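To keep things clear, I will list the structure first and then write my remarks on it.
Quick note: the coordinates plus some simple rules give every number you see, no bench work behind them. All values derive from a computational prediction rather than experimental measurement. Virtual Cβ from ideal backbone geometry, glycine too; neighbours counted across all protein chains shown.
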Amino acid sequence: MKRRDTGGSALNRARKLGFSFDGRAFEGVEGDTLASSLLANGVRLVGRSFKYHRPRGVMTAGSEEPNALLEVLRDGAWHPNIRATMQELHQGLDARAQNCWPSVRRDVMAVNDWLAPFLGAGFYYKTFMWPRAFWEGLYEPVIRRAAGLGRLPQSHQYDPHEKAFAFCELLVIGSGPAGLMAALVAAKAGADVILCEEDRQMGGRFLSDAGQIDGMPDGAWAAGVLAELAELPNVRLMPRTSVFGAYDGGVYGAIERVALHQAAPGRTPRECYWRITAKRAIMATGALERPIAHPDNDRPGVMMLGAVASYWQRFAVDPGRVVVFGNNDHALATAKALAADGMDIRAYIDPREITADAPFKTYQGEVIGTRGRHGLHAVTLRHKGREMRLEADTLALSGGWNPSLHLACHMNGRPVWDETIASFVPRERMVPGMQAVGAAAGIFSTHGALESGARAAMQALDALGLSATPPDLPQAEDTPYAITPLWQVQAQGRAWLDFANDVTTKDVAQAVREGFASVEHMKRYTTQGMAPDQGKSSNIGALAVLADATGGTIPGTGTTTFRPPFVPVSIAALGAGGYGPGFAPQRFTTSHAQTRKMGAPMIEAGLWYRPSYFPQATDRDWRCACNREALYVRHAVGICDVSTLGKIDVQGPDAARFLDFVYTNTMSSLKPGRVRYGLMLREDGHVMDDGTCARLSDQHFLITTTTAAAGEVIRHLDFVQQAYCADWQLRLISVTETWAQFAIAGPLADALLGHLLGDVPDLPFMGCVPVMVGGVGARLFRISFSGERGYELAVPARYGADLYRHLVALAEGFGGGAYGMEALNVLRIEKGFITHAEIDGRVTAFDLGLQGMVSAKKDCIGRAASQRPGLTGPARLQLVGLRPVDPQSEITAGAHLYPCDKPAKAAYGQGHVKSVCYSPTLESWLGLALLENGRARHGETLRLDDGLRGLRTPVEICNPVFFDPNGGRMRD
Amino acid sequence: MRLPCPCCGWRDLREFTYKGAADALHRPALDDPSGWDDHLHNRTNPAGETRDLWYHDPCGTWVCITRDTVSHAVISGVPLEGAR
Amino acid sequence: MIRLKETSAGAKLRLPPLTGCTLRMLPQMRITSIAPYSGQADALRARLGGFPAPGEVLKVQGIDLVWAGGDLAFAFGDDLPDGLGAHCALSDQSDGWCGFVLQGAGAEALLARRLPFDLRNMASPGSARSVLDHLPVLVLRRASDRFEIWVWRSMVQSFVQQIRT
Ligand SMILES: [Zn+2]
C-alpha cells in the first residue's frame, strides 16, 4: 500500500502533517484520517483482536470499523478505542495499538490463537466455574487483565465538552444522494433544516464513487448542492456529527466531533452532545457493506470493497495488487470502475456465473483462504473444483449491502426482510415522524436515492404545512441491484463474523449445538455483536449462519435489537460541564461571604450551602466549636442564617380556608400578628413537612417549609389548589429568595434586639410584627427552633449581608456569636424538635406523637388515610429519646435497637436511631429514635448496635424532649 | 420525551415533575375507606391510553397529560380544571 | 443606631467575556408579582389596562408587565395603580431576582444552544419560563438581539458559571 501520486479528493497535499504510531514517526497530509494515513504509509497491521490476539488491519472507511481501534494521546491521557477511520489526522497526533504487549507485531497473548480450539464460545462460562473459591481471588483478576479492549485513562479528565439543544422542522440524517436531495427540496420550500453528516465532508458515497449526475461527476454535483444549501439561512449544516439515537417526541441525540481533529484545541470543546428536536426526520444513513465469512478473512489487507474505493478516491491510497471477492452486481461494477481509474485489480471472484466482459480475470468460485503473517500476500480460491493461489496485497470483499437502519429500530420497531437485497429494510413509522430513504431504505440506485429523498421531503413538507412543487430529478444511474447471498464459504478453517469480538461461524454453530439456538441466546453466548462496533458489519451474517445451523429462514430466525447509541458516545460528552460546581446549581445565602470569611466549612442542604461550624484557633476539633456555639445559645445569644427555609406567601379571601385544608391543624383561627406551628401530611397519611404559619394580616399568611422540602411543598400546594380549589380566592408564591432571615436565640436575645431596634416590641411567644431595622422595613417573629427565648428577623435580601455582620458583632459583644448547622442540630435534638432526619417519608403524625395536631373537626389532605388501620397503634415505630447508660459512650445515627439479651438479627430489631448529638448542656450523648411502641417504653434499657461501625452500647429509652420539657425558656 | 404545557407549549421532559395517575383528581369522601384504598393504591395500568399528572416546574402549572403507553404517543395536555 | 447598607448580588461577580454578544447585570429594580384571584381576571385587566397572556410582554400605563408563569405576571417598575388588591395577590419580588442582559448578534444562538425550548418560536417582545442547566430562569426577549435572563438571587454565581461554558 502506498500513496498515489495524484488524486485524493479529501486531501490538501500542500500541508504535510507529522504523526506517530506506536512510537514510529510518519507523515500524512491534511484531510487524512488516521486510517488513511497509516494505509498510505504501508502500515497494515494496526492492532490485535480481542480474544485470540490475531493481527488486524483497517477494514472499513467509516464509523462501523471493527478492527482499527487505537489509543490516541489527547489532553495528557491515552484514550482507548478510537476508531482510526473516524480520527482525523492532525499535526503531532500520537497513536498506538491496543490489546497487545510488548508490541503489535510481537504480542505475547497471541498464544491465545494457538489455544483457539479451547477458547471457543462459552469458554469462560465452562472453565472458570470450579472450584468456587477460586473465582474472586484468581479467575476474575486473570480474566479482567486479559479481557477488554484498551484501557481507560487512570486520571480525571477535565478537557472541555459541551451539551447543546437544537430545534428544527426537518432533520436530515446523512448527506449522501438521498439526504442531499431531501435537504435541498425541503430547504428550498422554506423549512428549517438541520443536515447532519458523520464524516468531515458532506456528500456520502458521492465522495468516493465515480458516477455521473446530469452529465457531470457526481462529486461536483454534490458540491454544487452543498454550496446552495450553505447559502440558505434556514439550513444548518452539521458535519462531523453522528446522530446516535432516536427518542420519544422527535428527539434525536447526536455527537459532534468539534475539536478532536485539532492539534491544539485549547478551550474549544472536544465534542458537543446535541439534543435535536425535530418535527420530522429523514433517515438517509446509507448502507453498510458486509464481509463474507471465508477462512482467514480477518488478515490485515482484507478490506471492504467500498472502503478500498473510498481510500483510493478520497485519500489516494493505492491498495497494490487487488483481488475482489463479491456476490453482487454492484461489486463487479465498482471493480470495473476502479480498474478503469488505474487500480491494479488482478481478479474478480464471484460464486455466481459471470458473463460480462471485464478488464481483469474473473473466476466463478469462492475465496477459501488467505496467506501472510502480519498482512495479506496471497489469496486461495476454489474455482471449478480446484484450488489456486493468487498473489495479492489487498482482498476486497463485498457480500452485499445492509441498509443502515439502526436508528429506525431505537423505539422498538422491527424491520422486515427484503429478499431482493437479502437484507432487512425499515418499515414505515418505526420511529414516528421519521422516514427512511435511499440506501437506508434498501434503494440502492442513485436515481432511486434521489427520487426517494425528494419524495420524503415532499411528504415532510406536507406534514409541516409547507407547500412545494416536486423537483425535476437530475439524470442519474438507475441500474438494478442483483445479489445472490453468500453468508459463509464452506471450507476448512476459521471464518470470522464479528471481527471486533472474535466470533467465528464455528462459534455460532457450537452455540446452536449447546442449545443456545435463539438469536438472543446465541448473541450472549458467543458475544456476537456486543463489541464497540455493535456488530454493524456482522449481525446479519451471524443471523444467516444461525438460520443455516438451525434449518430456519433468516426472517424466521429473527433480528437483533439495535439500541442507542449508534456510535460510541463518550461519557465526557454526556456529562459535559457536570463536574465540580457544574454538577448542580449552588445556592448561596446573603451571609455566605461573611461566613466564609469567618472560616466556616460549608455543608450542603439541598442546593444551599450552610456553615457547619465556626472554628477558632484553639479548637481541638469541630466538636469544640459545636459545643461552644450551642452554649452561646443556652447562655448568651447566637445568630444563625435561616433564610434557606422555604417561605411561601399565601394571600386572598380564601387563604385561611386553604391553609386549613393543607395543614392538619386549624389556621383559620389564628389571629393576625400570630404564628402557629403546622404539620402537613401527604394524601397517604404520612408526614410531608412541618413549619410555621404566620398570619401577617387577615388575608395574608406567610408559611415556612423545611429547607429540603421547599420544592416538594410548593408543588404540593400548587396541586391542591389547582386540583381541588381552583375556584377559591387565593394565590401562593414563593418568597424564599426575597427575604434574608436570621435566628437570634438565647437568654440575651432581647438585649441584643434592644441595641439593634432601640425599642424591643412587646411580642408574645409565637407573635410577629413589622419593625424598622437600620432604616429598613423588616419582619420580626418570636419563634424558636432552639428552645431558648428567641426571634427570627427578616429583611429584604439586599440588606441580608449587612444585617448578618451587625448581628454577629452584637452577639459577640454579649458573649455569644454565630452558630452553624452542627450546633443547630444539637439544640434541636436537646428539645426533641424533628427534621427530615425523623420525617423520613414513612412516619405518621401518630408516630411522632403529634396525632393531637390532626384536627377532627375538618377535612384535610391526608386525614382520611392517616386513620387507616396500621398507621396508628402499638405496632408502630414511635419517636423516643435515647440516652446511653454511660453518658460519654458515643452513639450513632443509623444504629439499630435490640433487646439486651438478643443478637443483632433482623427478627429482633425493634427500631433505629435517626439523629444523635453530644449535648454540652446535659453532658451526655443524646439520640432520637423510632422504636416499636416506643412511647409506652420510657425507662427501658435496650442495646444500640451499629454493625457497620462496630459499636454496641446499652441505652435508656426516654422522652424525646431532653431539655426544658415544659418549654418555659422559650415561652416565658 | 416532550410534553405539552397549556401555558408554555411543548417542553422537554426535564422541565416536568411526575406525580402519578389522574385518579388523584377525585378525592373520595372522608368516610369511605375502600374508596381511599382505591384512590391511593389501585391503578388500572392500561396498555394504551392513560392520563397522568405532571407539574411544569418553570411555570407552576399542573398538567393532565393523555398519552399512550404502547405507542408512547403524547396526545394532549390540559390544565387540571379542564381535566376533571 | 445602625443604618443597613445594600449589597448587590453581583457585587463580586466577574462576568465572562462572550463571543458575538455581551453580558451585563441589570441594577436591582422593583418587581411586583400580580396573581389574579379566581374570577377576577377581567376586573383586573380593566383596572390595569391589560394583563399578559402566556408568553406576552405588555406595556400598559407605563408599566412593564411580563408574563411570569401560570396565571401570573411580574410588573417591573414603581408605578402600579392603587386598589389592585381586591382582584389579585401582590407580592414584592424585588430582592428575589437578578437580571442579566444578553445582547448582540450572537445572543440568540448562544441562548438557543443552552435552553431546552424552541427559541425560534419566541415572540419579540416575549417571555418564557424555563431552566438553564437546572437553574430556573425567566427569559425575556426585549428585541431580536436583546434578551433579559432573570435568575434567583441565590443562584447568580451558578448562572454566571453556566453561561460562561
Ligand atoms: Zn408551563
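Assorted remarks:
- For A:Ser175, A:Ser919, A:Ser49, the sequence from fewest to most other C-beta atoms within 10 Å is A:Ser919, A:Ser49, A:Ser175.
- Using θ = phi - 60° and Karplus 6.51 cos²θ - 1.76 cosθ + 1.60, couplings along the stretch A:827-835 (whole Hz; Gly, Pro as x): 4, 6, 5, 3, 9, x, 6, 8, 9
- Sorting A:Arg200, A:Arg969, A:Arg290 from the fewest to the most surrounding beta carbons within 10 angstrom yields A:Arg200, A:Arg969, A:Arg290.
- Where both bridge residues fall in the stretch A:140-298, DSSP classifies roughly 45% of the beta bridges as antiparallel.
- Cβ charges +1 (Lys, Arg) and -1 (Asp, Glu), total dipole of the protein assembly as shown, debye: 2120
- Neighbour counts of other Cβ atoms within 10 Å put A:Ser20, A:Ser452 in the fewest-to-most order A:Ser20, A:Ser452.
- Long pairs among A:Lys831/A:Lys858; A:Lys2/A:Lys361; A:Lys671/A:Lys914; A:Lys163/A:Lys647; A:Lys597/C:Lys12, criterion Cα-Cα beyond 26 Å: A:Lys831/A:Lys858; A:Lys671/A:Lys914; A:Lys163/A:Lys647
- The magnitude of the dipole of the stretch A:292-398, with charges of +1 and -1 set on the Cβ of Lys/Arg and Asp/Glu and taken from the Cα centre, is near 260 debye.
- 3J(HN,Hα) along the stretch A:668-684: 5, 8, 5, 7, x, x, 10, 10, 9, 6, x, 10, 10, 9, 7, 4, 7 Hz, from the Karplus curve 6.51 cos²θ - 1.76 cosθ + 1.60 with θ = phi - 60°, whole Hz, x for Gly and Pro.
- Straightening the chain between A:Arg414 and A:Ala468 buys 16.2 nm, computed as 0.36 nm per residue apart minus the Cα-Cα spacing.
- Fraction of beta bridges assigned by DSSP in the protein assembly as shown that are antiparallel (%, nearest 5): 80
- Inter-probe distance in nm under a simple model that places probes 7 Å from Cα toward Cβ, at A:Gln490 and C:Asp145: 7.4
- Estimated distance in nm for a label pair at A:Thr892 and A:Tyr158, the labels positioned 7 Å out from Cα along Cα-to-Cβ: 3.4
- Computed over neighbours whose Cβ is under 12 Å from that of B:Ala22, the net charge equals +2, Lys and Arg +1, Asp and Glu -1.
- Candidate cross-link partners of A:Lys279 among the aspartates and glutamates, defined by an alpha-carbon separation under 20 Å and a same-chain spacing of 8 or more, comprise A:Glu169, A:Asp192, A:Glu197, A:Asp248, A:Glu428, A:Asp462, B:Asp12, B:Glu15, B:Asp68, C:Asp118.
- Most fluctuating residue given options C:Ile63, C:Ile31, C:Ile149, as computed from a GNM of chain C linking Cα atoms under 10 Å: C:Ile63
- Using the Cβ-Cβ distance between A:Glu27 and C:Ala53 with R0 set to 60 Å, the FRET efficiency works out to roughly 0.40.
- Put simply, the amide H of A:Glu271, placed in the peptide plane, has neighbours under 5 Å in A:Glu162, A:Val258, A:Ala259, leaving out anything fewer than 5 places away on its chain.
- If you take the Cα centroid of the stretch A:655-718 and the Cα centroid of the stretch A:1-63, the two points sit 70 Å apart.
- For the stretch C:99-151 versus the stretch A:369-421, the gap between their alpha-carbon centres in whole angstrom: 52
- Applying the Karplus relation 6.51 cos²θ - 1.76 cosθ + 1.60 with θ = phi - 60° to the stretch B:8-16 yields 3J(HN,Hα) values of 9, x, 6, 9, 5, 3, 4, 8, 10 Hz, where x marks Gly and Pro.
- Annotation: for a label point projected 7 angstrom from Cα along Cα→Cβ of C:Met1, residues of the stretch A:763-783 with backbone N closer than 15 Å are A:771-778.
- Amide hydrogen neighbours beyond the local backbone of A:Gly211, cut-off 5 Å, H modeled: A:Asp218
- With each label modelled as a point 7 angstrom along the Cα→C-beta vector, the B:Val70-A:His374 pair spans 6.0 nm.
- Put simply, the amide H of A:Arg674, placed in the peptide plane, has neighbours under 5 Å in A:Arg695, A:Cys768, leaving out anything fewer than 5 places away on its chain.
- In loop segments of the stretch A:895-964 as defined by DSSP, the GluC sites (Glu not before Pro) with at most 10 further C-beta atoms inside 10 Å of their C-beta are A:Glu923.
- The stretch between A:Asp762 and A:Glu956, if pulled fully straight at 0.36 nm per residue, gains 65.7 nm over its current Cα-Cα span.
- Top positive-direction residue, dipole computed over the stretch A:667-720 with Cβ charges, set A:Thr692, A:Ala710, A:Pro672: A:Pro672
- Dipole of the stretch A:733-873 [Lys/Arg +1, Asp/Glu -1 at C-beta], most positive-end residue of A:His806, A:Ala749, A:Pro761: A:Pro761
- Only Lys, Arg, Asp and Glu carry charge here, each on its Cβ (+1 for the first two, -1 for the last two); on that basis the stretch A:489-567 has a dipole of about 40 debye about its Cα centre.
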